[in-house]
Amino acid sequence: MRLDCRYLHKKLKSKGFKIETNDDYYCRFYINGKVKTKIRSKAGGYSKKKYKTLPNNIVSRIYKTLHFDSKEQFKDFLECPFELEDYQKMLFEKGLIDLNI
């Protein structure tokens, strides 16, 4: 599964992530757009260097650091069958976020 960096950033922003930039791009998950969580992944500083389309190995690293169980689950999240509420529930069940904020 290969992903275009701009597509990835756009989809993650629509799902509650904010893109933070330094020398690289990182996406960080926020609950309700306000509460910063520890859920974070490097998501495309690669485009500044050589990648406009992220190769399979980098996509694998991204979905694992965002705590998805499979690439298919990550793909569903980006393409909408797996909604933001489903992602929050999954992270809560894994003990990674607290929804009672």
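Laboratory data are not the source of any read-out in this text; all were calculated from the coordinates shown. Note that the coordinates shown come from a computational prediction; the quantities given were computed from them, not determined experimentally. Using ideal geometry, Cβ is built from the backbone for each residue, glycine included, and neighbour counts are taken over all protein chains shown.
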Inter-site label distance for residue 2 and residue 19 at 7 Å from Cα along Cβ, in nm: 2.0
Inter-centroid distance (Cα atoms) of segment 28-43 relative to segment 54-101, Å: 12
Residue exposure sequence - 14, 60 - by fewest surrounding Cβ within 10 Å: 14, 60
Restraint check, 34/71; 11/42; 34/75; 10/94; 15/42; 13/71, Cα-Cα greater than 22 Å: 34/71; 34/75; 10/94
Relative contact order computed over the chain (Cα-Cα under 8 Å; 6+ residues apart), in percent: 24
Residue 52-residue 96 FRET efficiency (beta carbon distance; Förster radius 22 Å; 0.05 resolution): 0.10
Dimensions in Å of segment 3-93 - Rg and Dmax from alpha carbons: 12.3, 37
The chain: angle of helix 5-14 to the longest principal axis, Cα-based, in degrees nearest 10: 20
